[in-house]
1. Give the Cα extents of the range 204-255 along the principal axes, in whole Å, largest first.
2. Which of 165, 126, 213 sits farthest toward the positive end of the charge dipole of the range 119-252, with +1 on the Cβ of Lys and Arg and -1 on the Cβ of Asp and Glu?
3. Over the range 119-252, calculate the relative contact order: mean separation of alpha carbon pairs under 8 Å at least 6 apart, over the residue count, as a percent.
4. For residue 203 and residue 46, FRET efficiency with R0 = 22 Å and r from the beta-carbon atoms, rounded to 0.05?
5. Amide H neighbours of residue 228 under 5 Å, at least 5 residues apart or on other chains, H built in the peptide plane: list them.
6. List the residues, sorted by chain then number, that are 5 or more residues from residue 170 or on another chain and whose placed amide H is less than 5 Å from its amide H.
7. How many angstrom lie between the Cα centre of the range 122-136 and the Cα centre of the range 1-45?
8. May I ask you to give the average projected area over all directions of the convex hull of the Cα atoms of the range 119-252, in nm² rounded to one decimal?
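Each value in this text was obtained by applying a stated rule to the coordinates, not by laboratory testing. Here the structure is a predicted model, which means the values were calculated and not measured. Cβ sites come from the backbone with ideal geometry, for glycine too, and all protein chains shown count toward neighbours.
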Amino acid sequence: MPCTEAFRTQAYFDAELDVGAAVEVERHLETCADCASLLSELETTRRLIRDQAPYHRADDVLRRRIADSLGREDGDRPATGRWASARWRFLSGAASGSAATALAAALVLFAVLPPPSSPLVGEVMNAHLRSMMSDHLVDVVSSDRHTVKPWFAGHTDVSPPAVDFADQGYKLVGGRADYVDGHRAAVVVYRHGAHVINVFAWARDGENLPAGATRNGYRFAFWRRGNLNFGAVSDTGPDELATLVRLIQKASGPA
């Protein structure tokens, strides 16, 4: 019989839970082999889809034709009204059993609307919030890179640079182990004024990284350096986050 927490485990995988619920599921995963196996299978499936499934994006000509067609149907309504109307036609068709109409509308929406925010952004944000709310910001407390970097070697899959940039306003607080995108990640923690900046690093495996993003007041930056992927998150300003990213990139050596 499946565990009763299986549905919440799937919601956790999809980054649909709030911070409190996510922490509860993570505690459950520590003792439930069935849910831990389910999560592993979901992560494997997602990775296979990312790496092997073909992806076809509508070309500019088709996108313009679809947009023009929707514009003719809705007259001179503003753009937001056109998209709302298209969504309503999809929902109405689905509810009335008009499968062909619903499918056609769905194809239009998926072809024209921009893709959703990367799940990786949600994973990094949840990990950042958990670290702030569960008294688990750092596992090793030190501003000495000769202490923090060797600690990673025994506790995470990677050992990224852990440089103190206190002279530039970014004090190294320490580091911890965390999980991102199915990887055991190293997290270098900085403090900039009243703001905490978590810098995640995990093994590079060829997946696409999202561009910089903003969600719920938090800013994100992702980049690659050598054999590592990096993701930084904080509620600090965009210029402040970009400055730290440049400092870390310089300290990390060639891309």
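1. Largest to smallest, the principal-axis extents are 30, 23, 11 Å.
2. 165
3. Numbers: 263 pairs, mean separation 26.9, N = 134.
About 20 percent, as a whole number.
4. Details: r = 16 Å, r/R0 = 0.74.
Efficiency computed from Cβ-Cβ geometry: 0.85.
5. Amide H neighbours of residue 228, under 5 Å, 5+ apart: 204.
6. 165
7. 16
8. Average projection, Cα convex hull of the range 119-252: 7.3 nm².
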